[in-house]
Amino acid sequence: MTAWDVVVVGAGPAGTIAADRLISRGYRVLLLDAGPRLRDGERTPEVDRRAWAYRAVGSSFDWYRVRAVGGRALLWGGWSYRFPDVVFRRGKWPYGASALAPHYAAVERTLGVVEGQIDERYRRVARTLAIRFAAKRGALRAGTGSRRLWTPLAHEVARKARCYRAALHLEHTAKRAQALSVLNLMRETREELRARAFVLAASPVETARILLSSDVGARRIGHGLVDHMVASWLLLEPSPVPSATAARGPFPGSVLAHGLVNTGPGDRESYPGGVSIEVTGPLPLAPLGVERMVPGGEEDRWSATQIHAIGEMFPHAKRYVDLDPNERDALGRRVPRIHLAWSAAERRMAADMRRACVALADAIAIPGSKLIPFLDPLQPGAGHEAGTCAMGLDESSVCDPFGRLRALENVWIADASVMPTAGDRHPTLTVLAHALRAADNIGRYLDRVG
């Protein structure tokens, strides 16, 4: 017997949003996660590196992961920007911004997205450098009247997710998935979960591993891996944080410099991607753990501003995910290998990102400030992986424009695996809009097949 209409793998933001939409349409949905459900205030646990082993090939790589209900949204800063149409055109997405517009709007309502204010110091910088700043748009708990960031735990389906279940592979015949094989991590037993449809939202690397382990016959699974290139700097200024932060709006001191390169025919750099810069500050030093970077006893007289440049990557033939033919992790699964490489164009973009961050910091800084580099754009592992199961219009693409797997007609991907690029700004809002679009497509499929 079919126990469920839909089984969703991964109780992070994408899986939760998709599951919540399907439940609201009356379907029986089971949401799974490999980690625990945390209590309020409980710290995010460290990932067991033996159970969740991986190998990086070609470069060092720190795979930024959270194994818990809520996923990486538990560490998310809430940045919630739509991709402009130029991102869809540059990345050769199978649709434009208008196709996601109703889903963007629905996600913004669900997340309680609000907009902050632009501090005057950024207005001065914008005039000095001739760039544009936008106030931070961020996700706050809708209807709570508080400044708490949204997390998937705001949804009942996430609070009831079946925990400690690691998805292994799909059982399938005649282009249809019949069951999902799952390892119960508490009992160390196998479970076979049957459903009419399946949704993978386990992250681009894990989703690729599940499909590669399922032998679905799609040759491009794992290829097209992209992330964000990130240049991070910390500006320390000998000036205290303003005391009246409440008057500075819901996201005090947070802005986005966007539309910096490759926005139109007359603005072409020697690389295809775009760049944006997130700026947040001034902030107290203690929460950032950088008190020792200023003279002893003067911590309260200094403040910090975070500067993060985000660069858009495009697929590279030598950047992909596959499975090690010999090595297995502590759970008996084949270990994913993350192959990394940089193109000449990406190296040029990295140089521009460094220069842009330094120029922005110099325009903000007061006399006596310090600028400290934290993350180089050629250091892989920004935590915004995408593209391992990219969607497209041609039949050779892994997924169709709704995220449905071409190899199995009742399997959809709701995470960033389907995105041809990760865009030139924080991708979460776009990932969630896609998850809603996929969920609506699943509903139409289930209604049609009965």
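The values are calculated or read from the model by the stated rules, or taken from the named source; none is laboratory data. All values reported here derive from a predicted model rather than from experimental measurement. Don't worry about glycine lacking a Cβ; one is built from the backbone with ideal geometry, like all the others, and counts go over all protein chains shown. Accessible surface areas use protein heavy atoms only, side chains included; no ligands, DNA or RNA. Shrake-Rupley method; radii C 1.70, N 1.55, O 1.52, S 1.80 Å.
Side notes on the structure shown:
- Taking segment 93-164 and the strands (runs of 3 or more DSSP E) fully enclosed by it, the elements with 1 or more residues that are open to solvent by less than 20 Å² (accessible area, probe 1.4 Å) are at 133-135, 137-139.
Residue by residue, here is whether (1) crowded, with 24+ Cβ neighbours inside 10 Å; (2) in contact with an Asp or Glu (Cβ under 8 Å, 6 or more places away or on another chain); (3) of a type in the set (V, I, T); (4) more than 30 Å from P377 (Cα to Cα) holds:
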residue	(1), (2), (3), (4)
G10	yes, yes, no, no
A14	yes, yes, no, no
S24	no, no, no, yes
P36	no, no, no, yes
T44	no, no, yes, no
R50	no, yes, no, no
V69	yes, yes, yes, no
L75	no, no, no, no
P84	no, no, no, no
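- A218, sole failed condition from (1) open to solvent by 20 Å² or more (accessible area, probe 1.4 Å); (2) of a type in the set (A, V, I, L, M, F, W, C); (3) more than 30 Å from L180 (Cα to Cα): (3)
- Residue that is farthest from the chain's Cα centre (by Cα), among those in segment 196-213 that are farther than 21 Å from A68 by Cβ and open to solvent by 10 Å² or more (accessible area, probe 1.4 Å): R196
- Candidates in segment 398-407 are the residues that are in a loop (DSSP other than H, G, I, E, B) and open to solvent by 10 Å² or more (accessible area, probe 1.4 Å); of these, the one that is farthest from L193 (Cα to Cα) is P401.
- Within segment 299-327, residues that are hydroxyl-bearing (S, T, Y) reach partners that are in a loop (DSSP other than H, G, I, E, B) with beta carbons closer than 7 Å, at six or more positions or on different chains, in the pairs S303/S239; S303/P240; S303/V241; S303/P284; Y320/G222; Y320/L225.
- Of the residues making up segment 368-389, those that are among the hydrophobic types (A, V, I, L, M, F, W, C), under 15 Å from the mean Cα position of the chain (by Cα) and open to solvent by 20 Å² or more (accessible area, probe 1.4 Å) number 1.
- Beta carbons closer than 6 Å, at least 6 apart along the sequence or on distinct chains, pair a first residue in segment 93-108 that is farther than 11 Å from A435 by Cα with a second that is open to solvent by 20 Å² or more (accessible area, probe 1.4 Å) and not in a helix (DSSP H, G or I) for P94/L393; P94/P401; Y95/P401.
- Candidate set: segment 408-450, residues that are in contact with a helix residue (DSSP H, G or I) (Cβ under 9 Å, 6 or more places away or on another chain) and of a type in the set (D, E); chosen: the one most open to solvent (accessible area, probe 1.4 Å): E409
- Only one entry in R50, R65 is touching a Phe, Trp or Tyr at 6+ places or on another chain (Cβ under 9 Å) and not polar (S, T, N, Q), namely R65.
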